[in-house]
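Engineer: Pasting a structure below so you can have a look.
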Amino acid sequence: MSGADEPELAVGADAFTERGAGLEVAVVGAGAVGATAAYDLASEGADVTLYDRESVASDATGRAAGICYDAFADGLDAEIANGALERFRAFSGDDTFPFVECPYVWLAREDDADRADAIREQVRHMQDNDVVAFEMDGDALGERFAALRTDDIAVAGVAGGAGYTDPARYTACLAAAATGAGATLETDTPVEVRTDPPRVVRPDGAVHEVDAVLVAAGSRTKALLADAGLSIAMKPYRVQALVADGDLAEPMCYDATGDFYLRPHPDGFLAGDGTEEREADPDAYDRGADPNFAADLSERLTHRVPTVADSDLERAWAGLCTATPDRDPLVGALEDGLYVATGFQGHGFMRAPAIGERIAEEILGGSGIDAFDPTRFDGDETFDVVEGMTLDRD
Ligand SMILES: Cc1cc2nc3c(=O)[nH]c(=O)nc-3n(C[C@H](O)[C@H](O)[C@H](O)COP(=O)(O)OP(=O)(O)OC[C@H]3O[C@@H](n4cnc5c(N)ncnc54)[C@H](O)[C@@H]3O)c2cc1C
């Protein structure tokens, strides 16, 4: 590391260009997505200010489980997730943040034929898209992963391109690298967004007029844009997670029938579920876990991973994810000079290194991601919040 606040990421000097020279950009939100975009924009010579209403990674990113994989059945999703994994691996290290390689297993029980079929189909699609994923029955899974109880498993998918990290540390690293590349970081600065011309208004009323504004404000993105007269089809929803002591070295696992996930954690293991399939208010939601959350999860966890029986709960919490009508994110230009990145359905952290890079590329004049074009919706659509971790994606 060259200085306490300026990590050198594993990119060569050749990666830095002046493509963004003369371009002034305000990035609203120093979560994983905004910090990555700020880094990529600043690395290309853009004059970047990264604003956060609180501190770096103070919202969803700081509450995320840090599970990362490229096990997506859809080709574009897999490509983006794979690009993100490559960057996690390249940027991680002793002086930046840890990235721990760990296989990802998702499974369905014998009495759950629909989900078992969905897993088999997903694995086929993944293999078609060159994702390292394969199918295992319960016996084979038990031989490979001694920690898992497997006698009731119909089928599992196993993905090799996977691992976990500390989301807050990744994001702090990218924000620091952005400032190292010339960006200005303004924390404790809740801004408002205005359009035509694109600008942000600081709390003291000062107006910062720029060439482009990127709104990567997580669950607050919709309200922020609504104040600027722009509607997006996104709804925040609440999810919960916990850390407990207990013995788990591998794998990361999503029990689709039991509706929970878990991964190894330096303090034991991290597990989550408890999605509320209704719109939450970012200003009013309960940031603590429900009183019965840990107890409800405990029986299902212990069933699947007997070694975590009698674990002591270290902490539990809630945070907000963001849903869209088609469960694909909204990433791209809403209008001239006004860009958005939100709606990641609980998979925003693992994709942030690639999404930040791609939205930076679009702001610099490159092409966007057509499938994620935020204007594919009018913004006034009626839709239900559907949990991110489900199996019925194509
Ligand atoms: C419990 C839980 C577990 C999760 N687990 C995973 C996981 O394992 N893997 C995964 O991929 N995803 C996971 N997610 C989802 C993931 O957290 C999000 O998709 C991702 O962090 C979104 O990043 P972001 O940068 O878009 O938003 P955020 O991290 O929410 O960042 C937005 C930032 O904008 C700032 N902001 C808001 N309004 C303003 C304003 N007016 N002015 C200035 N700044 C503003 C906020 O303070 C915040 O720091 C999980 C989420 C939760 C809650």
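The values are calculated or read from the model by the stated rules, or taken from the named source; none is laboratory data. If you're wondering where the values come from, they're calculated on a predicted model, not measured in any experiment. Methodologically, a virtual Cβ is constructed for each residue, glycine included, from the backbone with ideal geometry; neighbour enumeration extends over all protein chains shown. Only protein heavy atoms, including side chains, enter the accessible area calculation; ligands, DNA and RNA are left aside. Shrake-Rupley method; radii C 1.70, N 1.55, O 1.52, S 1.80 Å.
Engineer: From (1) in contact (Cβ under 8 Å) with a residue 40 or more places away in the chain; (2) within 6 Å of the ligand (Cβ to nearest atom), pick out the condition that doesn't hold for Asp70.
Structural biologist: Exception for Asp70: condition (2).
Let's see how each residue does on (1) open to solvent by 10 Å² or more (accessible area, probe 1.4 Å); (2) within 11 Å of the ligand (Cβ to nearest atom):
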site	(1), (2)
Arg169	yes, no
Ala175	no, yes
Gly180	yes, no
Thr187	yes, yes
Pro190	yes, yes
Asp196	yes, no
Val201	yes, yes
Leu214	no, yes
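Engineer: Continuing with the same structure: Return the residue satisfying two criteria in turn: it lies in segment 285-301 and is out of contact with any helix residue (DSSP H, G or I) (no Cβ under 9 Å at 6 or more places or on another chain) and within 15 Å of the ligand (Cβ to nearest atom), and of such residues it is most open to solvent (accessible area, probe 1.4 Å).
Structural biologist: Asp286
Engineer: Still on this structure: What are the pairs, 6+ residues apart or on separate chains, where a residue within segment 215-244 that is more than 17 Å from Glu381 (Cα to Cα) and in contact (Cβ under 8 Å) with a residue 40 or more places away in the chain has its Cβ under 6 Å from a residue that is crowded, with 24+ Cβ neighbours inside 10 Å and among the polar types (S, T, N, Q)?
Structural biologist: Val215/Thr221; Ser219/Thr322
Engineer: Please tell me if Arg194 is assigned by TED's automatic domain parsing to the domain that holds Phe344, farther than 28 Å from Ala65 by Cβ and in contact with an Asp or Glu (Cβ under 9 Å, 6 or more places away or on another chain). Give the steps one after another, and end with the answer.
Structural biologist: Numbers: assigned by TED's automatic domain parsing to the domain that holds Phe344: yes; farther than 28 Å from Ala65 by Cβ: yes; in contact with an Asp or Glu (Cβ under 9 Å, 6 or more places away or on another chain): yes.
It is true that Arg194 is assigned by TED's automatic domain parsing to the domain that holds Phe344, farther than 28 Å from Ala65 by Cβ and in contact with an Asp or Glu (Cβ under 9 Å, 6 or more places away or on another chain).
Engineer: Checking the conditions here, which among Ala116, Ala90, Ala140, Ala108 is assigned to a helix (DSSP H, G or I) and open to solvent by less than 10 Å² (accessible area, probe 1.4 Å)? Break it down stepwise before answering.
Structural biologist: On the way: Ala90 fails: open to solvent by less than 10 Å² (accessible area, probe 1.4 Å); Ala140 fails: open to solvent by less than 10 Å² (accessible area, probe 1.4 Å); Ala108 fails: assigned to a helix (DSSP H, G or I).
Only one candidate qualifies: Ala116.
Engineer: Please indicate, with yes or no, whether at least one residue in segment 341-363 is aliphatic (A, V, I, L, M) and more than 16 Å from the ligand (Cβ to nearest atom).
Structural biologist: no
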